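The structure under discussion appears below in the form of structure tokens.
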Amino acid sequence: MSPRRGESWSIAERTTRWFAINTAVVAQVIAVVAAYFVRASVHRELATLVHEELDEVAIACRWDAAGGFDAGRRAEFDELVQVLQGQHGSNAMGWRLWDAVSGDVLADFGAKALLSPDTPSPTVLETTRASDHKLWTCSTRLQDGYIVGLVIDGSAQIDRLNNFVWLSLALALVTGLITFLGGKLLINRAVDYMRQIAERMRELRTAQNPEPLVNAPDEIKAIHEALSALMASIHTEQERTRLLTAGLAHELGSPLQNLIGETEVALMSDKSPEEYRTVLESHLDELRDIGHAIGNLMTLVSIDESATPHDLERFDLAGEAEVRLRRERAHALRRGIELDVAKDGDLGLVGDREALWLVVSNLVANAIDYTPRGGRVRLSMEGSPASVVVVVDDSGPGIAEDQREKIFEPFYRGPTTRGRRAGYGLGLSIAKAAVRSQGGTIAVERSPLGGARFRVELPRARVLSEPLAV
């Protein structure tokens, strides 16, 4: 019965009830069917026994019709009956002999208590069963004008049959009970695994790596893994949303405050065209920073490792550098920094064009930001048969070894140095996420120019990697 709309119900309770009913029905059906076939077999056994004994008597008693049923023949028949009874000691036999012409009873032999005036009857030539299901009767005509009848007590076989029936029912009940208890235990165990899965999913609200299920069947583990992956994906999306919100405040707050402050100062008094031009150029720099920050944020929320080959592009990193380095060159020029670009070999890639270019752009922009005026930044790109290597060197202060892993964390703020901004914002964390999405690696080293060296190795085509974690 299906639950009513809104009704609370339990899988364990419903399944246990259904299992109990079906187990009981199946056990009883098996017992009844087995008893039916065994009973039929016992009946055939007794009927066969009756006919076999009568056939033996018919073969043994080949008397001369002229001799009559005298004392000698009576003794001979009585001896034959005793021999047959000895062969089947568990079944008492009662024999009756009639005159085939007159129908008179000539004599009774064997277990006479089984014989009544009309049992067996000389007219019965087929096997019959008495009302108590224990007596089988039959009669047959001998060659010499005699009719012999036989009654067999089948109590031994019937008692064994009844014992078998009761034993079968008992075994069916015991087997059904054991099966029911085993099924109930299995159902409860499965439901307990489901409760564990529910508890693990609740744990995922605060922890992304819940404890694994112990000794669970493969099917339950598969469900747990699928749900864990789903929850991890939800956590990733929540983290991206959090980063997007925090990034808007972090990346856009400072340039917007600068724009507001400079504009307010410019409006406080009349200025010459050159002074206004200087303010506008400063505004343009801030607006470019805002545009770059928005590009970073858009890339952060769009990087997707599950993209299909149809979502990827084939592009040349050298061509991208020719077109897209204009902002970085202008930025370096304003800061009095020399920006060198070197390209060697085939720089073709298949991947997320915008995300991978943002790796190069962010690394170059960071190098310019952290290089003092009059310094040098060098971008080198080299193609090999399997990968493209991008190296960004600067002559800045460099990055201490104990900071080289932390700088890839979003909004990480390392030790401050006079004359440069503190913290790396989202640029390096996005670069690492994009590189991992492509299946590549990114590392920080000491540069021959004296500052930091960022080395990125990208496979020619995007490969599967671990789930994205910014």
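The values are calculated or read from the model by the stated rules, or taken from the named source; none is laboratory data. Keep in mind that what you see is a predicted model, and the values were worked out from it rather than measured. Quick note on the areas: whole protein, heavy atoms, side chains included, nothing else; ligands and nucleic acids left out. Shrake-Rupley method; radii C 1.70, N 1.55, O 1.52, S 1.80 Å.
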Item to check | Carbon plus sulfur fraction of accessible area for segment 11-94, probe 1.4 Å, in percent | outcome: 63 percent
Checklist entry - Over all distinct Cα pairs, what is the inverse of the mean 1/r for segment 42-99, reported as the Kirkwood hydrodynamic radius in Å? => result 12.7 Å
